[in-house]
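Below: the structure, in structure tokens.
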Amino acid sequence: SSSYATVGPTTASPTDPSPTYLPTYFPTSPYPTSGAPVEEATQPPAPEVVTRDPSKSPSVGPTHGVTPFPVETMTPTTKPTMIPTPTPTNRRTYSPTTASPTSGPTSNPTTSRPTPSPTHPPTTSPSIRPTMPPEYYQMKKAAEYVSGSGMLNTTSSAQSLAFHWLYFEGAPSTNLYEFFEQYAAATLFFGLTRARTNWAYLQDEGAVHDGFLARGEVCGWEGVRCAFNHTTEMVHVTEIRLSGKGLTGTISEEIAFLPYLNRLDLSENEIVGTVPEEIYGLDGLKHLYLNNNKLEGTISSLLDDLHLAEQIYLGQNSFTGTLPSNIGTNRPNEWRFFSIYDNGLTGPIPEGMKLKNAYMLDFSRNEFYGTIPNDIQQENYSTLRLLYMDHNTLTGTIPWSLMQMHKMKGIFFNDNRLEGMIPWNIDDDLKHSLLTIRVQNNRLTHPVSPVICALDVNMGDYELVELGVDCSICPSGCSLCTGRCYD
């Protein structure tokens, strides 16, 4: 059994905390905001749901091969088997072609062998269509509300695999909303791991494998954390951490039914496809790590809907197109770390983002062009420490306002097409916090100012450790770049 963390109240609780799989209505949103479901007067009562004891749920099939469902190694239950298997016969029957023999002698005896009468080929298919118990169809109806009926009818889909795992091997909750989260998490898992559909994947010792499903409760899976909410009186999935697990599939849209998800870490895998827009509707998502994958497509303007997020890492993928211009413009934004490092994004870096809580912004190693936004200044980015814009095709000059930002520690503008000089009007507070300046491999022509050279940490008064510049603008008396400049 799993132990759950406890979180504080987040939303109003429905009056009836335990709706069954067959509610008298289906909600228009995954979770109620207030009040209990109200039955329609004409709706007949739902059939009684038989709650299975999770401890008696069937055991998992072999972990070293493809396990089709239904799993035939389940411990016996009172439920009927999926497919009755009548014993076929392969023996052919012979019957004589002549009339029955008489007691008298025949005048014309024959020695020819009798011809066998035609028979149908033997078959193992059932003669009667199997019937599942009512709770199977009740659960399926709930899953179809999340995914639609088409996906569940495709036996190899992540949705079908997730549903049948929950029914035959898992411990599904009889609370409708808890079931939604269990099913959504299981669908995400099957879509990312390709478990039970890819034999080679199951042999990867470093990856999440089919044996991972041995725990009947989704909240007991490795990398999945749940919490009990005292307001809703339900258990919710709050964290999914599957970094570096060899995931090769896609992110399913069913993730929309994890409204209490706080952290999603799928970094350092080989996930393909696009980012489903349903992710941007997860209001409680604080930490999103999708970096170091093979994701493609454009970055949706709905990204700004994650205004309460603190960390968003989308770097080292194959995103293309432009960066949405509405980021941080519609409402206060809580982003502290935002990285789109090493993609194929183009266009100018938008002005007006005003990410006042940003600590680190990383736009490096893309194909951005245009000038450095002039609104990157103290009043708009008062907490900014690290600014990465290197390895693009930025032009123009370095804004002087950058040198008035009190808490800046690192400026990385190298490998662009910038011109002019390094601004030397450095704020007194910045002199004591600045650690790194990298502007090499640009088109700067003015020599480094003595004001900047005097910030050398070795002189004892300030903190500047690294000054990356081209040798053509490094003065001979500047110990920060002499002998360490770039040709």
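The values are calculated or read from the model by the stated rules, or taken from the named source; none is laboratory data. If you're wondering where the values come from, they're calculated on a predicted model, not measured in any experiment. Cβ placement follows ideal geometry from the backbone for every residue including glycine, while neighbour counts extend to all protein chains displayed. In case anyone asks, the SASA skips ligands and DNA or RNA and just uses the protein heavy atoms, side chains included. Shrake-Rupley method; radii C 1.70, N 1.55, O 1.52, S 1.80 Å.
Touching a His at 6+ places or on another chain (Cβ under 7 Å), open to solvent by less than 20 Å² (accessible area, probe 1.4 Å) and within 19 Å of Gln316 (Cα to Cα) - does that describe any residue in the range 362-371? Let's see the steps before the verdict.
If we filter the range 362-371 for residues that are touching a His at 6+ places or on another chain (Cβ under 7 Å), which is where we start, we get 364-365.
Checking the rest, the ones that are also open to solvent by less than 20 Å² (accessible area, probe 1.4 Å) come to 364.
From what's left, within 19 Å of Gln316 (Cα to Cα): 364.
Yes, because at least one residue in the range 362-371 is touching a His at 6+ places or on another chain (Cβ under 7 Å), open to solvent by less than 20 Å² (accessible area, probe 1.4 Å) and within 19 Å of Gln316 (Cα to Cα).
I'd like to check something: does the range 380-387 contain any residue that is farther than 22 Å from His307 by Cβ and of a type outside the set (D, E, K, R)? Within the range 380-387 (the criterion being farther than 22 Å from His307 by Cβ and of a type outside the set (D, E, K, R)), the answer is no, since none of the residues qualifies. Close contacts from the range 130-149, counting a first residue that is more than 13 Å from Thr187 (Cβ to Cβ) and of a type in the set (A, V, I, L, M, F, W, C) and a second that is part of a helix (DSSP H, G or I) and open to solvent by 20 Å² or more (accessible area, probe 1.4 Å), with Cβ to Cβ under 6 Å and a gap of 6+ residues or different chains, come to none at all. Counting only residues that are touching a residue at least 60 places away in the same chain (Cβ under 8 Å), within 15 Å of Cys226 (Cβ to Cβ) and surrounded by fewer than 23 Cβ atoms within 10 Å (Cβ to Cβ), the range 248-265 holds 1 of them. Here the strands (runs of 3 or more DSSP E) wholly within the range 375-487 that include at least 1 residues being within 29 Å of Leu345 (Cβ to Cβ) and open to solvent by 40 Å² or more (accessible area, probe 1.4 Å) are 386-388, 436-438, 466-468. Looking at Phe319, is it surrounded by 19 or more Cβ atoms within 10 Å (Cβ to Cβ), more than 27 Å from Leu192 (Cβ to Cβ) and in contact with a strand residue (DSSP E or B) (Cβ under 8 Å, 6 or more places away or on another chain)? Against the criterion (surrounded by 19 or more Cβ atoms within 10 Å (Cβ to Cβ), more than 27 Å from Leu192 (Cβ to Cβ) and in contact with a strand residue (DSSP E or B) (Cβ under 8 Å, 6 or more places away or on another chain)), Phe319 does not qualify.
Using the structure shown, decide if Glu296 is open to solvent by 20 Å² or more (accessible area, probe 1.4 Å), free of Cβ contacts under 8 Å to residues at least 60 places away in the same chain and within 16 Å of the chain's Cα centre (by Cα). Taking the combined requirement at face value, the residue satisfies it. Cβ-Cβ distances below 6 Å connect the following pairs, each with a first residue in the range 327-355 that is assigned to a loop (DSSP other than H, G, I, E, B), a second residue that is among the hydrophobic types (A, V, I, L, M, F, W, C) and surrounded by fewer than 16 Cβ atoms within 10 Å (Cβ to Cβ), and a separation of six or more residues or different chains: Glu334/Leu308.
Report whether or not Ala227 is within 23 Å of Glu310 (Cα to Cα) and more than 14 Å from the chain's Cα centre (by Cα). Against the criterion (within 23 Å of Glu310 (Cα to Cα) and more than 14 Å from the chain's Cα centre (by Cα)), Ala227 qualifies.
Table: residues versus (1) within 25 Å of the chain's Cα centre (by Cα); (2) at pLDDT below 95.
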{"residue": "Ile312", "(1), (2)": "yes, no"}
{"residue": "Asp342", "(1), (2)": "yes, no"}
{"residue": "Pro350", "(1), (2)": "no, yes"}
{"residue": "Gly370", "(1), (2)": "no, no"}
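Within the range 378-411, take every residue that is closer than 18 Å to Met353 by Cα and of a type in the set (Ser, Thr, Tyr) and give me the one that is modelled with the highest pLDDT. Checked the range 378-411; the qualifying residue modelled with the highest pLDDT is Tyr388.
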